[in-house]
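FYI, it's all coordinate maths here, none of it is from the lab. Keep in mind the model is a prediction, meaning the values are calculated, not measured. Positions of Cβ are backbone-derived with ideal geometry, glycine not excepted, and every protein chain shown enters the neighbour counts.
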Amino acid sequence: MWTYVARRLLQSLVVVIGVTLISFMALQIGGDPTYLFVSERATAQEIEVVRHALGFDRPLHVQYLSFLSDLARGDFGQSLSYRQPALDIVLGALPATIELAVFAFVIAIALAIPLGVIAALNRGTAVDGSITILGLLGQSIPNFWMGIMLILFFGLYLRWFPISGHVPFLTPLLAGDVVTAMTNLPRTLYYLVMPGVAVATYSLARNTRLVRSSMLEVLGQDYVRTARAKGLAERTVVVHHALRNAWLPVVTMIGLEFGFLLGGVVVTETVFSYPGIGRLLFNAINQRDIPLVQCGVILLAANFILLNTIVDLVYARLDPRVKLARNR
Amino acid sequence: MTTVTRGASRAWRSMVAARWPLLALLILLAVTTVAAFGPWLAPVDPGRQSIVSRLAAPMTADPQGMTHWLGSDVLGRDVLSRLLYGARVSLLVGLAAITVGGAIGILAGLLAGYFGGWVDDVMMRLADMQLAFPFILLAIMFLVVLGPGVGNLILVLGIGQWVTYARIVRAETLSLREKEFVEAARALGDSTAAILFRTILPNIVAPLTVIASFNVASVILTEAALSFLGLGVPASVPTWGSMLAESRDTLLANKWWLAVFPGLAIMLTVLSFNIMGDWLRDLLDPRLRERQ
Amino acid sequence: MKNLRYFVALGAVLVLIGGALMVMRSGPRATTSTVVVGLSADITTFEPANISSRDNMNIAHHIFDSLFELDEHGKHVPALARELAISTDGLTYTYTLREGLTCHDGEPLTAEDAAYSFNRIADPANRFTGNAPGFVFTSVGFQKAEALDPLHVRITIARKNPIAFGLLTEINIHCKDSYEKMSLDHAATSPVGSGPYRLVSWTRGSEIVLQKVGAAGAFDRIVWRIIPEASTRAAELIAGNVDIITNVAPDQIDAINGSPTAAVQAVTSTRRMYVGFNLAEPFRQSPGGRAIQDAKVRRALQYAIDVPTICRQLLHVECERATGLVNKVNANPRLSPYPYEPATAERLLDEAGWPRGAGGVRFPITLQAGRGRYLNDAVVVQAIAQYLKDVGIGVDLQLLEWASVYTPLIRQRNAGPLFFLGTGGALWSPIYDMNDIARVDSGTNYANWTDPRWFSRWDSLIDAATPEESRRIIDEMLQVFYDDGPWLHLYFQPDFYGVSKRITWQARPDERVYAYEATPKS
């Protein structure tokens, strides 16, 4: 296992460097970003000074290599628009997004399993039909639209949930202020409900259908028939025999799922005025704040790789048929 | 020939039996027809503005005496006409992106699976990079710099899809390359290209079709999200996603028709593709077939 | 399998928590001691010398004060300083400070601090690029600032400038002792000024909390919330969680006015919206770029656009079309707005030698615009493109990403040949509005205009002995601009503010949002 982890780490390094190269190229093909960082009355000479100071007068490969060497020393550089260390800014926005993603993730998994099982057990009935149709609907609503409708209906019309904003939980917790974190927690969750639902809808719908179909598949297998034939209670059959196998495909999805949820976060954070990393990076891209974008992308990629490594390890434990070399 | 006929009739019977796929097929046929003939069906030029009769409710006539059956939008453009034109662009973007992504993914997957070794390593690291990079950020980066355009959008959305196909094709190719019929083709001296595309590929088409039908749906949704962020197609080109995105400021003012009609169009189409995907999977997936 | 049972249990618990939370309704965050403002754009810094956006300046103005101020009518009024004496050659400005001023760090605020503020901004080692060094200092030709004694500070500028006194109101005075101790990094997040409020907390992308320091201001706390989506902003206002919102979408005005909690205030701002004709050399290669070199073509296009209808339909406001680049109070009264006469436009275009050709098109031309910056900009610019198409101009409309694509084009004076833009103006001097095109090589002469009838008059305008003489020259220049200028005149941008009925607050035309002016309604 340790050789596996070591190889995984090495591969991850290649992946992260590749990711930085992609975003570096993407942000540079639009041309010299200097003009975004000078005042509109700047003379050609002043512009030249700023260009030099920001290092944009160097050849591209030199710029990239110097970025890498700084990175190797743990220096992510200064954000060009905030003029603060990029890492501080990204780390400031990350906790809020992690809260949102975890919340959405829990909705997407915790509700999907019972719904999928119920649908599968009642195959062909009205219950199955309505769960299936709702699942399909959930997969066809754009999340920004879902967000605005949630705001107008549950936020403004019914006034059940706060319309926008965020109450920090992780930030005080990480700062060691457990009391504030715990006092905030109910409100953190309360503020997370609507953005969380908006982010989770698509995944929830997809996972429900995934659980349903893998459940159906498992229910038709011999060992389940055998269990039934042995006269075991239906509940025992479902929970102990069918489900433990049926939710394996869902576990496989977990790692990918997280990356997917982060994608939905950019739009949802804008709608709900949520101070997370999605909106931060969207703005940074628009401002061509290259160090900030790089820093955010590296952390997100590292996060993704870490999660998937963990998922693979867990999966190997859960399902002995799977060898770790599978995903070479 | 007879196997084809038998396959088709089996497909048809299962479709009729399941009912929903039949409905989905009808919807998709209708959408395709609209996409093909939209410009002739549309009552007016979808770009024609009339700002004095903007936000007209459905079934109302504007001062020029033209009835907006589905209302008019923020610039007084006819919603029905834009919906009909939008079918073409939305479908084109969806299908073209799948084609681009599928083509790259299939090629990468075949090469990785068949040759293994460093080819496989390179392909899989590229795939890892793609997966580790939140796609929406990648899309935003390229679209911000490249500017709006249908071509750019298709390219970016297509690139976002390739990994899914590459992984499946690679896995299938890995298992197929040692099979007898592939060995036979090799022994007969077929070129590598012929083995890859004529011997192996036809055997993986089934799962790919299923994945593709699900992906059209997610591509259409991603296009809508990008429109919401102000990226995607140019302002003058109607797509369902951009129409929905344009409705955002009028939702509070209850101009429901701006959101409901493109929303319904997206929903029905995405729904139909999903139902077709489900049905195709049941039909083509041999494991499921054995059970039935 | 135990894990599974946990999952199911977790789901159930979540549902229960959700239910419990639903009961506990969201209490409004605005209270009797707090006023909440919803802004559309994020702010980036509290470094006074790096601030460049209006929202950012507005918040900073609660923390920092300036020597003088411009009030809502554009009148120059005392603030930290009580008097200003300008030397006869117009090169030195001597301010007399009020006595007994203190900084938030407890130190007294003296002429020393004022001089330090100016010189720190100008110090090239700091590489500041905000509004203060980039716009104010370059416009006035700032030389140096010196403290003559604890109450007198003298600013020296390079050349006589009739609007320098107004521009200098934009300089924030900060406190020397604190700033000398701070690194630039640190200073960007911890402002130390002498204004009515001080910064309590700043969560990037989310909210800024200010706490009252002195006696001014009715509310103890001001919370600025960043809410980028217009629908969300309006919903928060209607729900009573926010007291003032900026940039109300025109289509949401009725919904807000129909609510029992809030109403919309509309003001015509000083921001001049126009379509520029970029006359730069490279564009002359294309037919469109060549066509607009002819003043007659430019004038023809003025007749093609129905500005009052654009205002009424797309901006939800009645407006009078602009006659030039100067705000209406200072405009040349003899000029009347170009009317909407498409037939005249077509006739003039025919006469200018650009008849309709194949497909009814006279010449193709690119119209570029940023999106998401000005009120309903994407919609307005599409309407303009349609009006131009109606008279046979083959418009290729390009809506570009504001910051990353359009701004660099504008800065390099490369946008166009037609480009849509809005430029902030002022009520207190026509010269402020004209100053954008002070020299052919001005960075803000985005249209690359070179008309000698305009540029040759600047020297005599600066040296004008009397206000009457100055006014005469201005009117001559405005006539040239009206007839043959580089702008397709549009309108002054209306600004819509949503204001809760629980407070009294008056929106200003100069885009300044000062929440300390708000008072609770009893």
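Below are the figures for this structure:
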| item | result |
| --- | --- |
| Cβ-Cβ FRET estimate between residue C:33 and residue C:261, R0 fixed at 25 Å, reported to 0.05 | 0.85 |
| Local electrostatic count, residue A:116, Cβ distance below 15 Å [Lys/Arg +1, Asp/Glu -1] | +1 |
| FRET efficiency, 1/(1 + (r/R0)^6) with R0 35 Å, evaluated for residue B:115 and residue B:22 via beta carbons | 0.25 |
| Loop sites in region B:1-78: trypsin sites (Lys or Arg not before Pro), DSSP, at most 16 other Cβ within 10 Å | B:19, B:48 |
| Within region C:70-126, GluC sites (Glu not before Pro) in DSSP loop having at most 13 other beta-carbon neighbours inside 10 Å | C:99 |
| Reciprocal of mean inverse Cα separation for region C:228-287 (Kirkwood radius, Å) | 14.4 |
| Rel. contact order, % - alpha carbon contacts under 8 angstrom, at least six apart, chain A | 26 |
| Separation in nanometres of the label points that stand 7 Å from Cα toward Cβ, at residue A:133 and residue A:302 | 4.9 |
| In nm, spacing of pseudo-spin labels at residue A:314 and residue C:439 (7 Å Cα→C-beta vector) | 6.5 |
| Estimated Rh, chain C: Kirkwood, alpha-carbon pairs, angstrom | 25.3 |
| Rg(Cα) / (2.2 N^0.38 Å) computed for region C:347-484, rounded to two decimals | 1.25 |
| Sites residue C:459 and residue C:211, calculated FRET efficiency, Cβ-Cβ separation with R0 60 Å, nearest 0.05 | 0.75 |
| Rg/Rh for region B:1-132, where both radii come from Cα atoms and Rh is the Kirkwood radius | 1.21 |
| Region C:438-522: trypsin sites (Lys or Arg not before Pro) in DSSP coil with no more than 14 other Cβ atoms inside 10 Å | C:439, C:501, C:521 |
| Surrounding net charge for residue C:471, when Lys and Arg each add one and Asp and Glu each subtract one, Cβ distance under 13 Å | -1 |
| Spatial separation of Cα centroids for region C:36-84 and region A:65-125, in angstrom | 37 |
| Positive minus negative residues near residue A:232 (Lys, Arg vs Asp, Glu; Cβ under 15 Å) | +3 |
| Prolate/oblate/rounded call for region C:163-248, Cα gyration tensor, a/c under 1.5 rounded | prolate |
| Convex hull volume per residue in cubic angstrom - Cα atoms of chain A | 187 |
| For chain C, Cys with no neighbouring Cys Cβ under 4.7 Å | none |
| Two-site label geometry, residue C:476 and residue A:14: point separation in nm, points 7 Å out along Cα→Cβ | 7.5 |
| Directionally averaged projected area (convex hull, Cα atoms, region C:93-243), nm² | 11.1 |
| Fewest-first sequence of A:265, A:5, B:89 by Cβ atoms within 10 Å of each Cβ | A:5, B:89, A:265 |
| Coarse-grained scattering of region A:121-170 at q = 0.28 Å⁻¹, given as base-10 log I(q)/I(0) from a Debye sum over alpha-carbon atoms | -0.96 |
| Cα convex hull of region B:180-237 - mean projected area over all directions, nm² | 6.1 |
| Translational diffusion of the protein assembly as shown, µm² s⁻¹ [Kirkwood Rh, Cα pairs; Stokes-Einstein; 10 °C; 1.306 mPa s] | 49 |
| Rg/Rg_ref, region C:213-261, where Rg_ref = 2.2 N^0.38 Å and atoms are Cα | 1.33 |
| Estimated 222 nm signal from helices in the protein assembly as shown, with DSSP H stretches of n ≥ 4 weighted -39500 (n - 2.57), rounded to 500 | -16500 deg cm²/dmol |
